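Computed from the coordinates by the stated procedures, all read-outs in this text should not be read as laboratory data. Every value quoted in this text rests on a predicted model; they were computed, and no experiment measured them.
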Amino acid sequence: MVPLAYQSTMTDVSTLAPPRPAAMRVTARALALGERLDASGLERSDMLSSSPLAFRVGTSGFVALYRFGVAVLVGLSPIEEDDFLRQVKARVSGERDRIDDETVILEISGDGEDRIPPGGPILMKDLSPQRLLVVADALSKTVSLGRDEREVTAVLDVIEPFAAGLSRTGRPPSTRRNMLKLIGQALLVQHRVSGRVAVEEKPDVLWDRHDLERLYARLEDEYELMERTRTLKRKLDVIVETARALTDVIEADRATRLEATIVVLIVAEIALTLVQMFVFRH
């Protein structure tokens, strides 16, 4: 005969709900390794995508490589990340002293929907290669934009003293070479944004998986890809126009000095001729 108290305890335990399994989470990191990343020769029979080149690493890791110098690593342990970055380092050109990165947590949602709650992880229906490619595309673009935004800000910081000096003294800066360097830097960023990164283009995986359009649209809004691209292009236009204006002012100032020099030489030659005539006559 089981005591009544013990029976009550057994009943309470039996009515408890089973423990809820912990949500599956993985970390996704986008690293801007350099200007370009040459992935040719890394193609494998088990690759998940050719543009960008994507494949599995380790037991559950995922890697996507982008030619504009960005690698996206999903679900890799720190040791696996270090090993992979050492292998791919020789294929990176234009390395920087600082590696820009963007990290996000991916979690399988309990309701089977793709959502991005404010301040939380990215909730996904599953961690299929197609969904990971969509996330990797957004992460690669946002980390590349972050790098370009920092470079453009640095160029604006250089241009500002030149413009301030011109407004204060009315005289242009004396070094035309610095202006040309600024124009070159702005054109490089402009080429990277419009050509290599192509922020306004959607990932190729969406051609076959139209059901992932909503996930990409949410990621695009979350990282403000289009707004940041438009702002960056406006800043680039300002830089190019300002640098060209300063260069034109320098050229005009140099032409004025050259004309003044020519006038002085003509006057000197006339004076020398008059002196010679006076000496010859007397």
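Take the Cα pairs of the range 142-281, get the Kirkwood Rh, then feed it into Stokes-Einstein at 37 °C and 0.692 mPa s and tell me D in µm²/s.
Once the numbers are plugged in, D ends up at 172 µm²/s.
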Checklist entry - What residues have an amide H closer than 5 Å to that of Ile108, excluding those fewer than 5 places away on the same chain, when H is modeled at 1.01 Å from N in the peptide plane? => result Met24, Met124
Checklist entry - Which log10 I(q)/I(0) values, to two decimals, does the range 22-125 give at q = 0.13, 0.16 Å⁻¹ under the Debye formula with one point per Cα? => result -0.52, -0.76
Item to check | For the range 53-68, 3J(HN,Hα) per residue [Karplus equation, 6.51 cos²θ - 1.76 cosθ + 1.60, θ = phi - 60°, Hz, x = Gly/Pro] | outcome: 5, 9, 7, 7, 10, x, 7, 9, x, 9, 9, 10, 10, 10, 5, 8
Checklist entry - Cross-link partners among lysines for Lys141, C-alpha distance below 22 Å, same-chain residues fewer than 8 apart left out? => result Lys89, Lys202, Lys233, Lys235
Checklist entry - Starting at 0 and stepping by 10 Å, how many percent of the alpha carbon pairs of the range 55-183 end up in each bin? => result 10, 30, 25, 16, 12, 7, 1
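Looking at the range 22-125 only, what percent of DSSP beta bridges run antiparallel? Nearest 5 please.
The antiparallel proportion sits near 90 percent.
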